[in-house]
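One structure is given here, and the rest of the page talks about it.
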Amino acid sequence: MASQIPPSSSAPHNRPREIALRFLAEPLDANFGGKVHGGAVMKWIDQAGYACASSWSGQYAVTVYVGGIRFYRPIQIGHLVEVRAKLIYTGRTSMHIAIDVHSGDSRTGQFTRTTHCIVVFVAVDPQGKPVQVPTWVSQSEEDLALQNYAVKLMELRKGIESEMARYEHP
Ligand SMILES: CC(C)(COP(=O)(O)OP(=O)(O)OC[C@H]1O[C@@H](n2cnc3c(N)ncnc32)[C@H](O)[C@@H]1OP(=O)(O)O)[C@@H](O)C(=O)NCCC(=O)NCCS
């Protein structure tokens with residue numbers, strides 16, 4: 001079940017920059033330890049990121065990068081899961097999206113943050129060629145901090161990728 005959070009005042013056009021998916025963790029999502037499989041969480045992250053990127057851009061979009069995924073807490077089968085995706089930076093064709101996963105027992109209504117990561121999507125045309133996306137402009141202190149967070153991570157990634165390139169082509 002997806003719900004679109006109304007566009008914030010910072011949206012330069014009438015499209016949402018945030019979405020949330022809500023559903024119950026099912027027995028089929030379980031790993032061998034009886035909690036939700038990490039791979040299931042990653043799939044939900046990708047789905048929420050796609051819904052957010054395609055809503056913002058009005059285009060088909062592909063995942064180009066998933067970074068720094070952190071699993072803070074396990075998710076119990078039967079718990080309500082909320083996957084929040086929020087656009088925090090746009091390049092020419094890329095959209096950087098912060099994802100936060102919360103889960104909890106719907107009977108108590110107590111939720112904890114279980115996972116966080118940043119995903120980058122690129123809008124593409126039917127031939128798979130990157131296409132320009134509408135620019136998102138931060139208009140609050142909170143949004144500016146998120147944008148700076150995305151830019152800082154981009155800088156850090158350059159170091160990680162050059163280190164990985166040395167490994168790939170020693
Ligand atoms: C996404 C893809 C089309 C980009 O093609 P490309 O030739 O690298 O295109 P470009 O060099 O023009 O880069 C496009 C954008 O991706 C960004 N990008 C490229 N590599 C990146 C990386 N490692 N991390 C973050 N962003 C990256 C670029 O910065 C650029 O963004 P900008 O236009 O906002 O500056 C291509 O890499 C691809 O098809 N990848 C496979 C996607 C896929 O199958 N995903 C899984 C299933 S959805």
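The values are calculated or read from the model by the stated rules, or taken from the named source; none is laboratory data. This one's a predicted model, so the numbers in the text were calculated from it and none came from an experiment. Here the Cβ is made from the backbone with ideal geometry for all residues, glycine too, and neighbour counts use every protein chain on show. Accessible surface areas use protein heavy atoms only, side chains included; no ligands, DNA or RNA. Shrake-Rupley method; radii C 1.70, N 1.55, O 1.52, S 1.80 Å.
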Margin query: Probe of 1.4 angstrom, ligands and nucleic acids ignored: what's the accessible area per residue over the chain, in square angstrom?
Written below: 58
Check: By how many degrees, between 0 and 90 and to the nearest 10, does the Cα long axis of helix 141-168 differ from the longest principal axis of the chain?
Finding: 80
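Using a ≥ b ≥ c from the Cα gyration tensor of the chain (square roots of the eigenvalues), is it rounded, prolate or oblate, where a/c under 1.5 gives rounded and otherwise the larger of a/b and b/c decides, a/b for prolate?
Oblate.
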Next item on the list: Add +1 for every Lys or Arg and -1 for every Asp or Glu among the other residues with Cβ under 15 Å from the Cβ of Gln59, and state the total.
Entry: +3
Item checked: Fraction of accessible area attributable to carbon and sulfur, the chain (%, probe 1.4 Å) -> 55
Item checked: In degrees, nearest ten, helix 38-57 long axis to first principal axis of the chain (Cα) -> 40
Check: Out of Val124, Gly78, His169, whose Cα points farthest toward the positive end of the dipole of region 39-170 (charges: +1 Lys, Arg; -1 Asp, Glu; placed on Cβ)?
Finding: Gly78
Item checked: Surface accessible to a 1.4 Å probe, Lys129 within the full protein complex, Å² -> 130
Check: Can you give the helix-only mean residue ellipticity at 222 nm for the chain, where every DSSP H stretch with n ≥ 4 adds -39500 (n - 2.57) and the sum goes over all residues, rounded to the nearest 500 deg cm²/dmol?
Finding: -10000 deg cm²/dmol
Notebook entry, point to check: Near Lys86, which aspartates and glutamates are there with a Cα under 13 Å away, not counting those fewer than 8 places off in the same chain?
Noted result: Glu18, Asp46, Asp100, Glu142, Asp143
Item checked: Length added when fully stretched, Phe23-Gln47, from 0.36 nm per residue minus Cα-Cα -> 7.4 nm
